[in-house]
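Visitor: Here's a structure for you.
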Amino acid sequence: MDYWATTENVYLDYSHDLIYGVSGVFLFIGNHSLINNDEVVKFDGKSNFIIDMSFEILFRVNCETDNFYKLYTKNNKKNYCILGMAHGICGLISSLKILQNKMNYNIQKKIDILSSNFEKFVIKYAKIKNSKVKVPVCIKLDKVFSDDPNDIDILKNNYTWCYGIVGLGIYFNKFSKDKNLISLLNNNIECTMESIIENNYNNLLNEDLCICHGYSGMLYYCFNETSKNSLNNDILCNFLNACLENYNIKDKTNLLNGYGGIKLVLESLKNNKRFIGDFLFGY
């Protein structure tokens, strides 16, 4: 961490994302009680360097190598920017917001500006119709700052934590003051989960149950944020147990995309208690 705090090679040595890069470091520092404010001073240079970038530059920096852009560059001629929690701009800004109270005043103000710009961007390009909202998961870089929202390509509207609206929903519920968008995001996820359950699990959006990109991520979000009586803990728990009966775990036992994370969600539902360490997902 000393190296990351002092190196000037910020873009070439590691990515910015939450799982592989500096966003995860910021998230750890912000949540770890053993790291006090005085010790965070040594990270001011690194965080200040990142935060000093304008919001526009965040979308364009090192497009060839940074994880923000890798997903859609392999088979596409044009670069795309990822907005999601795990590998996108949302994860970086979420971790900075969590770290914010340990930073000096000037950096705190810069984080406020960065997060405000991010929220305005998401709100600007959200598609709202019939009380339902779609937000961009990835967008073409050459369309990022178009004045016409119709120019933005919403490549995929999904409900995952890593790329989709579950991750964005966590951010907006925790940090945003836009109650309308928060309500729309929550309602969208809740209704989708409710529909899946009512259709006897036949209307599955994907085949995975994991937290990262599967149903456990949606279930845990509903557990933390839902207001629907039809999605109480027993119903969510029964749904997950029923899915597990046909789930081929194989050798997947890890937290993000294996049985370890599914088990944590299941125990949270049974005991009506958040699992220790869910800050890793931005909660």
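The values are calculated or read from the model by the stated rules, or taken from the named source; none is laboratory data. Owing to the predicted nature of the structure, the values given are computational and were not obtained by experimental measurement. Positions of Cβ are backbone-derived with ideal geometry, glycine not excepted, and every protein chain shown enters the neighbour counts. Side chains included, ligands, DNA and RNA excluded: accessible areas come from the protein's heavy atoms. Shrake-Rupley method; radii C 1.70, N 1.55, O 1.52, S 1.80 Å.
Visitor: Within region 114-148, how many residues are farther than 22 Å from Gly164 by Cβ and free of Cβ contacts under 8 Å to residues at least 12 places away in the same chain?
Guide: Of the residues in region 114-148, 4 are farther than 22 Å from Gly164 by Cβ and free of Cβ contacts under 8 Å to residues at least 12 places away in the same chain.
Visitor: Right, something else. Find the residue count for region 118-141, including only residues that are among the aliphatic types (A, V, I, L, M) and open to solvent by 10 Å² or more (accessible area, probe 1.4 Å).
Guide: 4
Visitor: Does any residue in region 220-236 that is small (Gly, Ala, Ser) come within less than 9 Å, Cβ to Cβ, of a residue that is modelled with pLDDT of 75 or more six or more places away or on a different chain, and which pairs are these?
Guide: From region 220-236, the pairs are Ser227/Asn186; Ser227/Asn187; Ser227/Glu190; Ser230/Glu190; Ser230/Glu194; Ser230/Ile197; Ser230/Glu198.
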